Each structure stands twice: as C-alpha cells, then as structure tokens.
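Notes to accompany the following structure.
The values are calculated or read from the model by the stated rules, or taken from the named source; none is laboratory data. These figures come from a predicted structure and were not determined experimentally. In this analysis, Cβ positions are derived from the backbone assuming ideal geometry, glycine residues included, and neighbour counts consider all displayed protein chains. Each accessible area value is taken on the protein alone, full model and side chains, heavy atoms only, with ligands, DNA and RNA left out. Shrake-Rupley method; radii C 1.70, N 1.55, O 1.52, S 1.80 Å.
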Amino acid sequence: MLAEARLALGDAAAARRHAQRAIDASEGVEFSLPLVTAFRVLSREAEMRGDAASALAHHRRWAAVDRAYIDDIKARELAYQLAQHDSLQKTHTIELLNQRNKLLELESEVNKQAANNNRLAIAMLVVLLASIALWAYLTKREQLRFRRLAQTDALTGISNRLYFSERAPQILEECAQRGRPAALVMFDLDAFKSINDRHGHACGDWVLAEVARRVSALCGEGDLFARLGGEEFAILRAGADVETALVLANRCREAISSIDTSLAGPRFSVSASFGVAMAAPSPGGSLDALLIHADIALYCAKSEGRNRVSVHGVAECPRSPDGTPANSPSPPAKA
C-alpha cells in the first residue's frame, strides 16, 4: 500500500523501496496479493524511469504471480462449491434411506392387511421412484451449474482462464492434425488502473463487462474468447491466417474505442492494445509459447503508444493510426 501511494505521489524511489521490502518479506511465498501489487509497482516505476528491460521483467513477474493468485482463488471457490454439492448429495441419500426404511415398515404391515397394504405399497413405490427421479434431475442440474461456474468468468460471463487453459490446447491439436493455422489475439485495456482510481471499481467492472459484450459480438461460433485475469483478454481462432487475425484485432480495437462510458456515469475514453501471434499448422505447438509470443507483441503495442495492434515476429512495432503494423500484410478491404 505504501509503494502504491508513493508511486501515485510521484516518489518513484520510495515506491521501489517499499515494493522491494514487500517482496523480501514474502520470501518463500509463491503468490499473494502483496506480491502482485509489489511487482505491478516495480513494473510501472521502471516504465516511469524509461527502463524498458526492467519494466518488462517486472511485468512478467507481475503477470505470473497475478495469474497464480487468481487461479488459487478460483480453485478455492471451486473446492467450496464441490463441498457444498457433496453435502447436498449426502442429504439426498439420507432422505432416500429414510424413505426406504419407511417402505420396510409398510411392508411389515402388508403381512397383516394384505389387500389394503398392497395398494399402499404400490403407491409408495411410485413415490419412491418419483423421488429418485427428482433427486437424479436435481443432482444433474447442480452438476451442470457447477461446471458452468467453473468455466465462466463471473463478472463478464465469458470463459475464464481455467477453461481457456483446458480448451485452447485441444483446439491447437485439432488444427495441427488438419494442417490448419491458428491465431491468438491477446489484448489488455490501456490505463485501466486509472479508471478504477478515478471513477471507482464499479465503473471499472462495467467497462470490463461492456468490453466482453462488444468483443463477443465480433467473435465467431468456433472462437474461444476468455478473460485471462484483470483487464487481460484473449481470443483463439482456428484456421485464421495473419490477415484474418489483424482484421479481428482491429475490429475489436475499434469496438472498444467506441464505448460510450456516459452510460456508466462519467465520460472517459477506453482503449486497448493488442498482440497477435500465429500457431503454425504442424504438431508440437505449445499454448505457453503462443501466449508468450502474443504477450511480447502486446508489450510492443503498449510501448509504441497503446491503442494499436502488434504482430509477433514483425521487425518493427506498429505505428500506423489504425493500429495495423506498418510492415505486416494489410487486412482485406471491406466490401
């Protein structure tokens, strides 16, 4: 907290000192909220000093710790939900056992009053079967609900990082088997922290949800669109070449830039920087490598002024006004 406060006041040296003290105090801890904050402060302090190498190194540490911290929270939430489900299932089992005990009591009465109790036994069997069917239905519905919760980002309603990490390698493997390329478009909202600081987290949450809604409208049926964490998103499109990926990235960039924030209260501009990486149509492609390439391209777009698109492997960072890399193939013109 002191590091963030000093950085906000422009005291970069004090911010760096407090951030380093937080890191030193967290020795042996793989991830925590103080570590996330400390590396974020060091990354921004390095940017303020113009030290791009240190900024990138701290940014990567920040991203890794932040992702691990978010994954840990999601895992705990999922474990809690599974525990609730297990408790509910046990309760239903006890209820079924109680009903079966009652049925046995009724069967003992059948020996005394055969005619009447036979009809009663049939009626109880019908009730029991209905209860079992209802229990099975409720159990299945709860399982589906838990699965959706485990795969969906609660704020934006799109896929979360856990589901993206599971599904993306499958898509890449399918593309490799069919000899098709794949494109990863990763983007990060520009200066998002200032939105939260100036207008509040409720406004920031509205921006994230609106970005997800607008980008979802531009994604195809086979696209995998997910929130990786914080203000970072990714789109994996199978069968896309670099031109198609550039068209998608620029359309998303324009859609985000056109968001009317007055609907949430204050009026301010929203923009995002995009990094594009291509997966070759051959076996052995790694999702981690693809994410690293897209992240490098994203950093390039950030360092060259933000609100633009950069492609991994391009010699120069993007400089054209519409966000298209200067030395990359131009996207096809609109009809």
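Could you list all residues from the stretch 223-243 that are closer than 30 Å to Leu33 by Cα and surrounded by fewer than 21 Cβ atoms within 10 Å (Cβ to Cβ)? Give the derivation first.
Keep residues of the stretch 223-243 that are closer than 30 Å to Leu33 by Cα, which gives 224-236.
If the condition is that a residue be closer than 30 Å to Leu33 by Cα and surrounded by fewer than 21 Cβ atoms within 10 Å (Cβ to Cβ), then Leu224, Gly229, Gly230, Glu231, Glu232 are the ones that fit.
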Practice problem: Please find, among Ala183, Ala226, Ala176, Ala209, the residue that is closer than 17 Å to Ser271 by Cα and in contact (Cβ under 8 Å) with a residue 40 or more places away in the chain. | Solution: Ala209
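Among the residues of the stretch 102-121 satisfying the criterion of being aliphatic (A, V, I, L, M) and open to solvent by 60 Å² or more (accessible area, probe 1.4 Å), which is farthest from Trp135 (Cα to Cα)? Walk me through how you get there before you give the answer.
Step one: of the stretch 102-121, the residues aliphatic (A, V, I, L, M) are 103-104, 106, 110, 114-115, 120-121.
When the remaining residues are screened for being open to solvent by 60 Å² or more (accessible area, probe 1.4 Å), the result is 104, 115, 120.
On the way: Leu104: 21, Ala115: 31, Leu120: 22 Å.
Ranking the qualifying residues of the stretch 102-121, first place goes to Ala115.
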Practice problem: Return the only residue of His18, His58, His85 being over 28 Å from the mean Cα position of the chain (by Cα) and of a type outside the set (Asp, Glu). | Solution: His18
Exercise. Look through Gln89, Gln99, Gln81 and report the one residue that is open to solvent by less than 60 Å² (accessible area, probe 1.4 Å) and in a helix (DSSP H, G or I).
Key: Gln81
Quiz item: Hey, among the residues in the stretch 57-74 that are of a type in the set (D, E, K, R) and touching a strand residue (DSSP E or B) at 6+ places or on another chain (Cβ under 8 Å), which one's surrounded by the most Cβ atoms within 10 Å (Cβ to Cβ)?
Solution: Asp66
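Here's the yes/no breakdown for (1) open to solvent by less than 70 Å² (accessible area, probe 1.4 Å); (2) in contact with a helix residue (DSSP H, G or I) (Cβ under 9 Å, 6 or more places away or on another chain); (3) closer than 28 Å to Glu210 by Cα; (4) at pLDDT below 80:
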residue: Leu128; (1), (2), (3), (4): yes, yes, no, no
residue: Gln143; (1), (2), (3), (4): no, yes, no, yes
residue: Arg148; (1), (2), (3), (4): no, no, yes, yes
residue: Ser159; (1), (2), (3), (4): yes, yes, yes, no
residue: Glu173; (1), (2), (3), (4): no, no, no, no
Quiz item: When you go through Ala53, Ala75 one by one, which is the residue that is more than 22 Å from the chain's Cα centre (by Cα), in a helix (DSSP H, G or I) and farther than 17 Å from Glu231 by Cα?
Solution: Ala53
Self-check item: Residues (over 22 Å from Gln170 (Cα atoms) and in contact with a helix residue (DSSP H, G or I) (Cβ under 9 Å, 6 or more places away or on another chain)) located in the stretch 232-259
Solution: Arg251, Cys252, Ala255, Ile256, Ser258, Ile259
Quiz item: Hey, any hits in the stretch 24-43 for a residue that's open to solvent by 90 Å² or more (accessible area, probe 1.4 Å) and closer than 30 Å to Tyr163 by Cβ?
Solution: yes
Self-check item: Hits in the stretch 179-229 - residues which are under 30 Å from Met48 (Cα atoms), part of a strand (DSSP E or B) and aromatic (Phe, Trp, Tyr)
Solution: Phe187
Quiz item: Gly10 fails exactly one of the following numbered conditions: (1) part of a loop (DSSP other than H, G, I, E, B); (2) open to solvent by 60 Å² or more (accessible area, probe 1.4 Å). What is the number of that condition?
Solution: (2)
Quiz item: Taking the stretch 1-25, which residues are in contact (Cβ under 8 Å) with a residue 12 or more places away in the chain and acidic (Asp, Glu)?
Solution: Glu4
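Let's see how each residue does on (1) at pLDDT 95 or above; (2) of a type in the set (S, T, N, Q); (3) open to solvent by 10 Å² or more (accessible area, probe 1.4 Å); (4) in contact with a strand residue (DSSP E or B) (Cβ under 6 Å, 6 or more places away or on another chain):
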| site | (1), (2), (3), (4) |
| --- | --- |
| Ser194 | no, yes, yes, no |
| Glu210 | yes, no, yes, no |
| Glu221 | no, no, yes, no |
| Ala245 | yes, no, no, yes |
| Arg251 | yes, no, yes, no |
| Ala264 | no, no, yes, no |
| Ser269 | no, yes, yes, no |
| Ala272 | yes, no, no, yes |
| Ala279 | no, no, yes, yes |
Practice problem: Return a yes/no flag: does the stretch 301-309 have any residue that is out of contact with any strand residue (DSSP E or B) (no Cβ under 8 Å at 6 or more places or on another chain), at pLDDT below 95, surrounded by fewer than 15 Cβ atoms within 10 Å (Cβ to Cβ) and not in a loop (DSSP other than H, G, I, E, B). | Solution: no
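Would you mind stating whether Pro169 is in contact with an Asp or Glu (Cβ under 8 Å, 6 or more places away or on another chain) and not small (Gly, Ala, Ser)? Steps first, answer last, please.
Numbers: in contact with an Asp or Glu (Cβ under 8 Å, 6 or more places away or on another chain): no; not small (Gly, Ala, Ser): yes.
Answer is no for this residue.
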